[in-house]
Amino acid sequence: MSEQDINRDEMPSPEDEAMVDDTLSFEEGVDDTGEGEADPAMDELDQLRAERDELEAKYLRTAADYQNYVRRSANNLETTREQAILDMVRKLVGIMDTFDRALNMDAETTSSSDILAGVGLVRDEFMKALASMGVERIEAQPGDPFDPSRHEAMMRTPSDAYESNHVVEQYQPGYAACGKTIRGAQVSVSA
């Protein structure tokens, strides 16, 4: 075999070239008719990919929005808590000032009635501060029905004056805020 015969064997035939062209046309989504029309399946696949990309972008935006919402909510909660503490401290600082003034009074020149009057004023100021924060005092009167959500029974007392499970005496008042009992009024209950 000559060198020309070997080169001729390595060169593709016209039929081989047509087969390569048909394969390339199929891979590019062009039908093998040679008219250059796109394959409907490939168009649908491209459309589905575009929809997937759009939905993925929406999902990522939604996830980022949710993370921002959680962060903002946590920040708002912390800011609200700090503001509530600051408001409470502002109301109580005035009471501390009154205590300081009372402690700086000359004990030798101040009568006991003046001291008691001063303590009463401080107590009134403190009660006003508590009331401004929504705290209410729970007072139990003798004869009131015992309410375990507002009263704390310290003892049972036999009594002819009151029906069973009624308050006989209050030892200490209770306090409530935001519709919840902080400390129930300490009472004795009729047996």
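Any read-out appearing in this document is the output of simple, stated calculations on the displayed coordinates, not a laboratory observation. Computed from a prediction, not measured in an experiment: that's the story for all the values here. Here Cβ is always computed from backbone atoms with ideal geometry, including for glycine, and neighbour counts include all displayed protein chains.
Worth pointing out:
- Using a Förster distance of 30 Å, the FRET efficiency for residue 98-residue 72 (Cβ separation, nearest 0.05): 0.15
- Taking every alpha-carbon pair under 8 Å whose residues sit at least 6 apart, segment 136-191 reaches a relative contact order of 46 percent.
- Residues whose amide H lies under 5 Å from that of residue 143, counting only those 5 or more places away or on a different chain, are 167, 168; hydrogens are built 1.01 Å from N in the peptide plane.
- Linear extension gain, residue 39 paired with residue 137, 0.36 nm per residue minus alpha-carbon span: 27.1 nm
- What the Kirkwood sum gives for segment 136-191 is a hydrodynamic radius of 10.9 Å, with every pair of different alpha carbons counted.
- Summarising the amide proton neighbourhood of residue 172: residues at separation of 5 or more, or on other chains, whose placed amide H is nearer than 5 Å comprise 186.
- Rg in Å to one decimal, and Dmax rounded to a whole Å, for segment 32-191 via C-alpha atoms: 34.0, 118
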